[in-house]
Each structure stands twice: as structure tokens, then as C-alpha cells.
Amino acid sequence: MNNRLVTQLAYTTAFVFTLLSLSGCVLNYSTISSLSDGTSSCCEESTPELVSGPMIGHVSMRSAQVWAQVDNAADLSVSYWKEGGEESARYSDSKWADSKTAFSAQFELSGLDPGSHYSAVLVANGATIGDTINIDTQVLWDYRMDPPEFKAVIGSCVFINDSIYDRPGHGYGGEYEVFESIVSAEPDMMLWLGDNVYLREVDFQSYSGYLYRYTHTRALPEMQELLKACPNYAIWDDHDYGPNDGDASWIHRDWAQEAFKTFWANPSYGAPSGANNIATAFRFSDVEFFLLDNRSQRIHHNNKTQDIHVLGEEQIDWLIAALNKSKAPFKMVAVGGQFLNTVELHENMANFPERQEIIDRIEEEHIHGVIFLTGDRHCTDMSRIELEGGAVIYDLTVSPLTSSAYDNTDEPNELRVEGTTVPFRNFAELNFSGPRKNRSLEIIVKDANGVEVWTETLIAKEL
């Protein structure tokens, strides 16, 4: 029996065991919805097993987010210490992990120093469990030095086979070693570009179904080292929102948002402040990332009696104002579906008036350095448009990570950069480097095994 089959068998066995019975306080998703108070006190004194993580979330100069999931109800916290100072370890606030969060919890490690190395370990009912993770806070470089170089990895469309609930036939997912290849690339951050889980028909009819699907995906053995390796950020698309091509009409948008917030540790949710979406923004070194929500306000483009849109005016106004205010050399805008592709196909932004509105407003405000990061299409490629005022906008689509791939070469996309189509599973490295006033971005697309497919370098002052 080969090693990969053994690993997958162990994963399946462990996951099935995790779902078997609530007696003895083992996670049982068939009973989650019936636990009205969300607690399970029978496990308070026992030590649970780790299901997935710990995962590093948003990391700033002063704080870090950590997420973890165990197999039964427990009192969880994180012990953390600065390099060389384990004897003076501190603890995060404790969290009671119960069925309402699929026995997961998030923690903020506060009071950190910029540009420092920390270690952390999960504590469950007073006992440490799982591996020690390493966290590097962001460097305070402003007014002191050139911004640090860093590497971001991006990708979308993560389908993990689940034969009990999948459609009959050949498994849609595969090449899970892509996550190990990403770890080998030594990223400083990972940005998941939507369809990070694939809700099946059996899942999105109940909130416990959402929790099941997220848990099943997140527990993949090949994914565990990536969760620990660097800060992880995410947007969503339709398959981690609800039904295929889901939009604002989806009655259980609240389930989708709650599950997303439960399993990811982004810096915030709701942009502009208080908006009913999962949008946010953050800075990493000198680069700013704007993470958009393309589902919560969406009116499907086939609707004939309503004004169709994807982001909505409130989110667009916030985005344009934030881009205009930004002094970052590269302004990375993450959104689930392709932005620049000129073909009015599937859920491309070309189906919506908002695409041209955003382009026009970027030109009117003389905003430079905008790059869209997109997924959805199960095929990687890059598009480019030069505006009349001289600004250049790129759209880098990176898809899929483990879902089945397709070849979109024959689509008549008028803005495609020749030679960038990749019709198989892949990911992309974004290497930001150079002095403050002459920053560059090297894009390297690699296959699931980490072999380079193509590379392109963009210079900030040429955008």
C-alpha cells in the first residue's frame, strides 16, 4: 500500500471516528442542531484531540490571530512566548469551544513586539496539545528602512473528495500535495481566493452541514503544515457561500457568513464599517490587500426585473475611497470572479455594469498600482488593460488548487496576456521586493508539484 493511500486512509478513519458519537463527547454533526445551548460539559476534564490547526490568521506588528479545532467541547487557550523567553510565556484569553463553533476557537495574541519571533502552542483543559507554531510579527519599517521583501501565495478552488456525499463518478478533487508544495515555497502569507470549501447539496440545507463541510476540508492531512506555516487570509465565492452561483437571494446568507467567520481569522468583517458582508483590508509590509465580498449583495445577471450588481454601491464606494487613499505601490484587490476578462460568460464581471464603473472610477481618480486577484474559473490566466491616462490594471486569476481544471484558452478574452493560461492544478507566488520607491512584483505560477510554469515581473511605477 503506497504512502499516500495510507495517509488518506488514516485521514478518513480519524474523520469518521470524529463524527461517530456524542457519547464520550466525540463530535457528532447529526446532533449539533439539537444542542440548544451549544455546550457539552461531559468533556471538561478530559484532553481533546486536535482535529485541525493551529492555524495562523492575521498577523500585525502588535498582535496575531490563531485558530484551532478539537474533537469535543473544551476550554481552550494559547500559550505564547517571545524567542528565548519560554519561561515567561503568556496566555491568551480562554475560549469555551462547543458545538456552535464545531469545537473550534480563535484567539488574539496581544502585546507583541514588531519584527519579532514568537512561539505558541494550544492549551486544552490545561494540557498542551498539537505542535508548537512559529509566528513572526510584521516589521516596523516606515520612516526607518526600505520595506521588507515578502512572498505571498495565492490560489482558489479547493475540492476535497467525500465519496459518501459526492456526486457519483470519478472524484472531482485531487493532487492534494499542492499544499505541501506551497509550504516548500516558504510563503510569508497565504491568500485563499474563494471556493475554499465546496458545499454539497446535503450541506447547505442546515448550519450543521456548513460546519461539517468546513471541518472535513480543514482536516485534510496535507493542509495542516500550511495552516501553521504563515498567516492565512481568505475571501469566498459561491461554493463556500451556498448553492452554485449563489447571490443575495440565498435565504441562509447568515449561515454562510457565520461559518466563514468561524473558520477563518481575517482582521475584520464588514467593509465599509458595519456593512453586512465579509469584506476587509489589511497591510502586509508596504502592500495593501482589499478583500471583497462578491456574494452578499449580488443580484444574478440573469435577473430581468432588478438592477444587477455584484458588490453594490456601498462596497464600491468604500473600495474606490480606500484605493484613492492608499499610498501602497501595489494595491491588491481580491474578489472571487474574474474582473477584466471581456467575455460575458459564467459569472465573469463582464456580465455586470459594475466592471466598467470600477475601471472608470480608477481612471478618474488617477489611481495607480491596482492588481485584481481572482479565482473561480478552474483555469489560471492573466489579463491586462491600459487606461487612457496611462494607468495599467492587471487581473491575475489563479485556479484551481485541488478542484478539476479546464482549458479556457479558446475564450475570446481580448485582454489576456499571451502565454499565461494554465489548464491544470496550480498556485502562484507573489514576490514583492526592491527599494521603497522602486518596488517590483515577481509572479511565478507553479503546478501542484511546485514546478514553475510561467513567470512575469511587474514594476510598480509602470502601473
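Grab the Cα-Cα distance for D142 and T47, subtract it from 0.36 nm times how many residues apart they are, and report the gain in nm with one decimal.
Extending this stretch completely gives an extra 29.8 nm.
Under 18 Å Cα to Cα from K261, which lysines show up? Leave out anything in the same chain fewer than 8 places away.
The reachable lysines, counting only those whose Cα sits under 18 Å from K261, are K95, K100.
Computed on alpha carbon atoms, what radius of gyration and Dmax characterise the chain, expressed in Å?
Reported Rg and Dmax, both Å: 21.7, 67.
Of the beta bridges DSSP finds with both residues in the chain, what % are antiparallel, to the nearest 5?
Antiparallel bridges make up about 75 percent of those DSSP assigns within the chain.
Antiparallel DSSP bridges in the range 236-341: what percent, to the nearest 5?
Rounded to the nearest five, the antiparallel share is 60 percent.
When the helix-only estimate is applied to the chain (DSSP H runs of n ≥ 4, each -39,500 (n - 2.57), divided by the residue count), what is the mean residue ellipticity at 222 nm, nearest 500 deg cm²/dmol?
Mean residue ellipticity at 222 nm (helix-derived): -5000 deg cm²/dmol.
Limiting things to C-alpha atoms, what are the Rg and the maximum Cα-Cα separation (Dmax) for the range 124-282, in angstroms?
In Å, with Rg to one decimal and Dmax whole: 17.5, 59.
Give me, ordered by chain and number, the residues 5 or more places off N196 or on other chains with an amide H under 5 Å from its own placed amide H.
So N196 has HN proximity to C157, V158, D237, D240.
Semi-axes of the range 224-272's equivalent ellipsoid from the Cα gyration tensor, sqrt of 5 times each eigenvalue, largest first, rounded to whole Å?
Three semi-axes, in Å: 23, 13, 9.
Counting Lys and Arg as +1 and Asp and Glu as -1, what is the net charge of the other residues whose Cβ lies under 14 Å from the Cβ of I164?
Once positives and negatives cancel, what remains is -1.
Leaving out ligands, DNA and RNA, what percent of the accessible area of the range 212-284 is carbon and sulfur, probe 1.4 Å?
On the range 212-284, the fraction of accessible area on carbon and sulfur atoms equals 47 percent.
So what are the radius of gyration and Dmax for the Cα set of the range 297-343, in Å?
13.3, 41
State log₁₀ I(q)/I(0) for the range 251-312 at q = 0.19, 0.29 Å⁻¹ as given by the Debye formula over alpha-carbon point scatterers of equal weight, solvent excluded.
For the requested q values the scattering log ratios are -0.79, -1.25.
How large a share of the accessible area of the range 337-462, in percent, is made up of carbon and sulfur atoms when the probe is 1.4 Å and the other protein chains stay in place?
That fraction is 44 percent.
Can you give the local net charge around H239? Use residues other than it whose beta-carbon is closer than 11 angstrom to its beta-carbon, Lys and Arg +1, Asp and Glu -1.
Once all neighbours under 11 Å are counted, the net charge is -4.
Would you kindly work out the equivalent ellipsoid of the range 59-189 from its C-alpha gyration tensor and give its semi-axes, the square roots of five times the eigenvalues, largest first in whole Å?
In descending order the semi-axes read 31, 24, 12 Å.
If you wrap a convex hull around the Cα atoms of the range 242-347, how much volume per residue is inside, in Å³?
Roughly 121 Å³ of hull volume per residue.
So what are the ³J(HN,Hα) numbers for the range 74-87, from phi and the Karplus equation (6.51, -1.76, 1.60; θ = phi - 60°), rounded to whole Hz, Gly and Pro as x?
3J(HN,Hα) across the range 74-87, in whole Hz: 6, 8, 10, 7, 10, 8, 9, 8, 6, 3, x, x, 4, 5.
Between their Cα atoms, which of K325/K446; K151/K327; K151/K228 are more than 24 Å away from each other?
The answer is K325/K446.
With θ set to phi - 60°, apply the Karplus curve 6.51 cos²θ - 1.76 cosθ + 1.60 along the range 152-159 and write out the HN-Hα couplings as whole Hz, x wherever there is a Gly or Pro.
Using θ = phi - 60°, the values come out as 9, 10, 10, x, 8, 6, 10, 9 Hz.
For the range 342-463, compute Rh as the Kirkwood radius over C-alpha pairs and then the Stokes-Einstein diffusion coefficient at 25 °C and 0.890 mPa s; write the answer in µm²/s, rounded to an integer.
Calculated translational D: 160 µm²/s.
Hey, can you rank 98-104, 385-391, 402-408, 362-368 by average C-beta count inside 10 Å, highest first?
Taking the mean over residues of other Cβ atoms within 10 Å, the ranking is 98-104, 402-408, 362-368, 385-391.
Order W192, W318 by their accessible area, 1.4 angstrom probe, all chains in place, largest first.
Highest to lowest solvent-accessible surface, that is W318, W192.
How far is the Cα center of the range 136-172 from the Cα center of the range 218-289, in Å?
12
Could you go through the range 240-251 in sequence order and give the Karplus-derived ³J(HN,Hα) for each residue, using 6.51 cos²θ - 1.76 cosθ + 1.60 with θ = phi - 60°, rounded to whole Hz, and x for Gly and Pro?
Whole-Hz 3J(HN,Hα) from phi for the range 240-251: 9, 10, x, x, 3, 6, x, 9, 5, 6, 5, 5.
Can you check how the C-alpha radius of gyration of the range 121-167 compares to 2.2 N^0.38 Å, as a plain ratio?
Rounded to two decimals, the normalised Rg is 2.09.
If I histogram all Cα-Cα distances within the range 357-402 using bins 5 Å wide from 0, what percent of pairs lands in each bin?
Per 5 Å bin, starting at 0, the Cα pair percentages come out as 5, 21, 27, 17, 13, 10, 4, 1.
Could you give P(r) for the range 208-295, binned at 5 Å from zero, as whole percent values over all Cα-Cα pairs?
Spelled out bin by bin, the range 208-295 gives 3, 12, 22, 23, 20, 13, 6, 1 percent.
Rounded to the nearest whole Å², what accessible area per residue is found for the chain with the 1.4 Å probe?
Spelled out: the 1.4 Å probe surface of the chain, per residue, equals 41 Å².
GluC sites (Glu not before Pro), restricted to the range 60-131: which are DSSP loop and have at most 12 other Cβ atoms within 10 Å?
E83
The values are calculated or read from the model by the stated rules, or taken from the named source; none is laboratory data. The structure displayed is predicted, hence computed values, not measured ones. Heads up, the Cβs are rebuilt from the backbone with ideal geometry, glycines too, and the neighbour counts pull from every protein chain shown. For accessibility, only protein heavy atoms count, side chains too; no ligands or nucleic acids. Shrake-Rupley method; radii C 1.70, N 1.55, O 1.52, S 1.80 Å.
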